[in-house]
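Quick notes on the structure that follows.
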Amino acid sequence: MRLVPVRKLNLSLRSVLLVVVGMCGCTPVPKYPYRSEPDPRNMDYVLGPSDTIRINVWKNAELSTDAIVRPDGTVTMPLVGDVQAAGRTTRELRDEIARRLSAFLKSEETPVTVALTGVNSYRFTVSGNVERAGAFSPKYYVTVSDAIAMAGGLNKFANGNKIVIVRNHGGRQRRIPIVYSMIQSGQRPEMDLVLLSGDVVLVP
């Protein structure tokens, strides 16, 4: 009986595995902690430039106002002046306005409310091999698959299994791999992340 060298046997097994993987069309699953990514639907909305709000000071119509968050992130209201709004929730902004007003009025007698009246700062970009690449600003949160649909879907040149989300959040940039076929098949629903404002979806 002829013995086959172990090295040659290992190479043969590797070749067979490569052929099998190629035949079944298997796609490697990225080892990324998708469930650790934030879902903005479970958090208070954070104001951004171009959002519109209604500031109401009880029994003080002259202090109540509608405001648009300016590009520098501020809003202006009577008596108080400029207040930083971007990066804050409506609750946080309300508390800041109430604190500012307390220097002029008795805060317990002048409750303040801040209501979001228009969402305009939620923006993301889809670029690469889609039918209609560009920036999108919907009035509601969308997932990766929603965003690709908004961009007209993948074009014939796209490699949907190598999509990347470029995300700047929490002070650092990260690249999140997305295998679109696994979202479509329902194999990995956790990959269908909800996009954050400022995300860029790259489709090679």
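Observations on the model:
- Subset of segment 38-86 (residues that are β-branched (Val, Ile, Thr) and in contact with a Ser or Thr (Cβ under 7 Å, 6 or more places away or on another chain)): Val46, Thr52, Ile53, Ile55, Val57, Ile68, Val69, Val83
- All told, Val114 meets the bar of being in the same structural domain as Arg91 (by TED's automatic domain parsing), surrounded by 17 or more Cβ atoms within 10 Å (Cβ to Cβ), at pLDDT 95 or above and in contact with a strand residue (DSSP E or B) (Cβ under 8 Å, 6 or more places away or on another chain).
- Candidates Leu63, Leu47, Leu93, Leu3 - the one that is at pLDDT below 90 and not assigned by TED's automatic domain parsing to the domain that holds Tyr141: Leu3
- Tally of residues being surrounded by fewer than 17 Cβ atoms within 10 Å (Cβ to Cβ) and either free of Cβ contacts under 8 Å to residues at least 24 places away in the same chain or touching a helix residue (DSSP H, G or I) at 6+ places or on another chain (Cβ under 9 Å) (or both) across segment 163-187: 12
The values are calculated or read from the model by the stated rules, or taken from the named source; none is laboratory data. Source: prediction; values computed, not measured. When we count neighbours, we look across all protein chains shown, and the Cβ atoms used for this are built from the backbone with ideal geometry, even at glycine.
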